[in-house]
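**Student:** Just passing along the structure, written as structure tokens.
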Amino acid sequence: MIKAFIFDLDGVITDTAEYHYLAWKALAEEIGITFDREFNEKLKGVGRMDSLERILELGKTQHDFTLGEKEQLATKKNDHYKQLITNITHEDILPGIEELLKEIKKNGYLLGLASASKNAPEVLRSLGLYEQFDCIADAAAVEKSKPAPDIFLLAASMLKVEPSQCIGIEDAESGIEAIHSAGMFAVGVGDEESLKSADYYVSNTTELSLENILNARKS
Ligand code: BG6
Ligand code: MG
């Protein structure tokens with residue numbers, strides 16, 4: 001029996017995935033590395049330092065920086081990202097998401113957040129959604145970032161439910177892998193190619209409804 005829905009944030013609840021992309025792209029270009037949206041799919045869901053490592057590997061420059069320098073680069077990206085999200089409001093919730101969250105709560109399910117982002121609480125507050133969540137798993141509290149299951153397992157344990165009683169919702173390949181490794185049913189929304197292994201896939205948030213998700217889970 002399903003008891004909880006555990007959401008990713010960036011790219012599912014709001015389009016901050018685009019701001020992460022713009023901020024990483026600008027930083028990469030400063031150090032002479034260019035990448036496109038296809039490569040960016042591999043960064044989605046991945047933690048801050050791991051994302052930087054992937055970019056440096058792409059440019060074959062992973063050994064050119066000390067740990068301190070890498071931390072400075074990550075901080076620079078984060079400062080830029082925070083600047084880009086300054087004006088986020090309730091209007092920036094992706095279409096259909098607020099209705100879906102309301103349906104979930106109205107029908108007595110628990111609602112959790114499993115985002116890799118340390119900026120997640122701030123983004124949820126700006127969207128006016130912070131109070132709706134029964135738990136927000138802290139990205140800083142888990143050892144391994146997605147595709148490891150840790151953040152989804154943390155959310156399930158905070159909600160005091162078994163992983164098999166949870167449905168996870170993600171826009172990233174690494175996120176679907178994390179949900180599956182946690183032993184949960186995986187809903188994918190967004191890029192079809194990246195979300196091939198999802199148990200239920202939709203291309204757009206407007207197609208997500210409680211009924212469709214639960215029907216897919218049963219079939
Ligand atoms: C994930 C995003 O939710 O959070 C990634 O999909 C991002 O793009 C990661 O790198 C970490 O976010 P932050 O805000 O802690 O740098
Ligand atoms: Mg995401």
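**Student:** So, of the residues in the range 1-22 that are more than 18 Å from S115 (Cα to Cα) and modelled with pLDDT of 95 or more, which turns out to be surrounded by the fewest Cβ atoms within 10 Å (Cβ to Cβ)? Give the derivation first.
**Tutor:** The first filter runs over the range 1-22 and keeps only residues more than 18 Å from S115 (Cα to Cα), leaving 1-3, 22.
Now drop any that are not modelled with pLDDT of 95 or more, which leaves 2-3, 22.
Numbers: I2: 17, K3: 16, L22: 14.
By that ranking, first place goes to L22.
Residues are listed down the side, and each one gets a yes or a no for (1) buried (at least 22 other Cβ atoms within 10 Å of the Cβ); (2) within 13 Å of ligand 1 (Cβ to nearest atom):
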position: G112; (1), (2): yes, no
position: G128; (1), (2): no, no
position: A141; (1), (2): no, yes
position: K144; (1), (2): no, no
position: C166; (1), (2): yes, no
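**Student:** Next up: For the range 182-219, how many residues are open to solvent by 70 Å² or more (accessible area, probe 1.4 Å) and in contact with a Lys or Arg (Cβ under 9 Å, 6 or more places away or on another chain)?
**Tutor:** Of the residues in the range 182-219, 1 are open to solvent by 70 Å² or more (accessible area, probe 1.4 Å) and in contact with a Lys or Arg (Cβ under 9 Å, 6 or more places away or on another chain).
**Student:** Taking the conditions exactly as written (open to solvent by 60 Å² or more (accessible area, probe 1.4 Å) and of a type in the set (S, T, N, Q)), does Q83 satisfy them or not?
**Tutor:** The answer is yes for Q83.
**Student:** One residue is enough: does the range 13-30 have a residue meeting the conditions under 22 Å from A120 (Cα atoms), acidic (D, E) and touching a residue at least 40 places away in the same chain (Cβ under 8 Å)?
**Tutor:** yes
**Student:** For the range 38-51, does any single residue satisfy the condition of being within 10 Å of ligand 1 (Cβ to nearest atom), touching a Lys or Arg at 6+ places or on another chain (Cβ under 8 Å), in a loop (DSSP other than H, G, I, E, B) and among the hydrophobic types (A, V, I, L, M, F, W, C)?
**Tutor:** Scanning the range 38-51 turns up at least one residue that is within 10 Å of ligand 1 (Cβ to nearest atom), touching a Lys or Arg at 6+ places or on another chain (Cβ under 8 Å), in a loop (DSSP other than H, G, I, E, B) and among the hydrophobic types (A, V, I, L, M, F, W, C).
**Student:** What are the pairs, 6+ residues apart or on separate chains, where a residue within the range 38-59 that is in contact (Cβ under 8 Å) with a residue 60 or more places away in the chain has its Cβ under 6 Å from a residue that is in a helix (DSSP H, G or I) and more than 6 Å from ligand 1 (Cβ to nearest atom)?
**Tutor:** Close Cβ pairs (under 6 Å, with a partner that is in a helix (DSSP H, G or I) and more than 6 Å from ligand 1 (Cβ to nearest atom)) amount to E41/S194; G45/S174; G45/G175; V46/S174; R48/A74.
The values are calculated or read from the model by the stated rules, or taken from the named source; none is laboratory data. Since the structure is predicted, the reported quantities are computational estimates derived from the model, not experimental observations. Don't worry about glycine lacking a Cβ; one is built from the backbone with ideal geometry, like all the others, and counts go over all protein chains shown. All accessible areas refer to the heavy atoms of the entire protein, side chains included, with ligands and DNA or RNA removed. Shrake-Rupley method; radii C 1.70, N 1.55, O 1.52, S 1.80 Å.
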